Amino acid sequence: MLQVQRLSADYGSFRALFEVSLEVAAGETVAVIGPNGAGKTTLMRVISGLLPPQAGELVFEGKPLRALKAHDIVASGIAHVPENRRLFPRLTVEENLRMGAFLPAARAEFDQRREWVYELFPRLLERRHQLAGTMSGGEQQMCAIARALMSKPRLLLLDEPSAGLAPLVVQQVFDLVRRIAGEGFTVLIVEQNVQQVLDLVDRAYLLEAGRIALSGTASELKRSDVVRQSYLGM
């Protein structure tokens, strides 16, 4: 479904990604793990068109993405839930959902998608008239994911969905991601919570200093000495 081939990206004079290659097949849940500053968020921003690559190719369902603007990438079937959620805090939950359905095709199915999202996130139905900025961190994360799902994506990009959340809420968020994957969505997730994300995904890539250092199935990475010592505390 998604092929990233020898991708490099810069912030000004600083190179953040060095010839990164990865792929995500339809129906898979794939993680990119690694320390702070490794380039994980940069990778997500390049895939979603928020940052132009310096070199390499991005192909989604056989079509190149590199020349597309961010809104065209959303229209192609990719939705990005950014780090720190980036909700519209002075809009209600339902108004945020409407913003997620800005594409003409999504607007035509707004009522149907909204009802499906409320079934998936019952708490949001209770909070639908509440300003998004007044909700708890976990509720805001639910709203951010729900907003992305309103565009009816075929690939969902999740950037650090557990960041800043209490441990109990983190587990709830991962349970939601597991349910979304069970609904048939393809998911690429960036996450520092290595233990829990490896319990969730099919495969994973370890990104360190802008380069892919290791890749394999979730069970293979759990058994890796590098991952066990540096990220699992074993």
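Rule-based calculations on the coordinates, nothing more; no lab input. All of these numbers come straight from a predicted model, not from anything done at the bench. Cβ sites come from the backbone with ideal geometry, for glycine too, and all protein chains shown count toward neighbours.
Things worth noting here:
- Note: relative contact order over region 86-152, using C-alpha pairs below 8 Å and six or more positions apart, is 55 percent.
- Charge context of Gly39, other residues only, Cβ under 15 angstrom, K/R +1, D/E -1: -2
- Result for the chain in a Gaussian network model with C-alpha springs under 10 Å: among Ser162, Ser13, Ser224, the largest mean-square fluctuation is at Ser13.
- 3J(HN,Hα) along region 152-157, derived from phi through the Karplus expression 6.51 cos²θ - 1.76 cosθ + 1.60 where θ = phi - 60°, amounts to 6, x, 9, 10, 10, 9 Hz, with x in place of Gly and Pro.
- Computing FRET efficiency as 1/(1 + (r/R0)^6) for Asn36 and Glu109, where r is the C-beta to C-beta distance and R0 is 35 Å, gives about 0.35.
- When the Cα atoms of region 86-152 are aligned to their principal axes, the ranges along those axes come out at 31, 21, 17 Å in descending order.
- Dipole-positive endmost among Asn193, Ala105, Val226 within the chain (Cβ charges, Cα centre): Ala105
- Cα-based shape type of region 1-91, given that a ≥ b ≥ c are square roots of the gyration tensor eigenvalues and the cut on a/c is 1.5: rounded
- Residue of Glu208, Glu115, Glu139 that the Gaussian network model of the chain assigns the largest fluctuation, springs spanning Cα pairs under 10 Å: Glu115
- Helix-only CD estimate at 222 nm, as mean residue ellipticity for the chain, using -39500 (n - 2.57) per DSSP H run (n ≥ 4): -10500 deg cm²/dmol
- Using the Cβ of Val93 as centre and a radius below 15 Å, the other residues enclosed give a net charge of +4, where K and R count +1 and D and E count -1.
- Overall form of region 116-192 per C-alpha gyration tensor (a/c, 1.5; a/b vs b/c): oblate
- Normalising the average separation of contacting C-alpha pairs (under 8 angstrom, six or more residues apart) by the number of residues puts the relative contact order of the chain at 27 percent.
- Other residues with beta-carbon under 13 Å from the beta-carbon of Arg107 carry, at +1 per Lys or Arg and -1 per Asp or Glu, a net charge of +2.
- The percentage of C-alpha pairs in the chain whose separation is greater than 29 Å is 25%.
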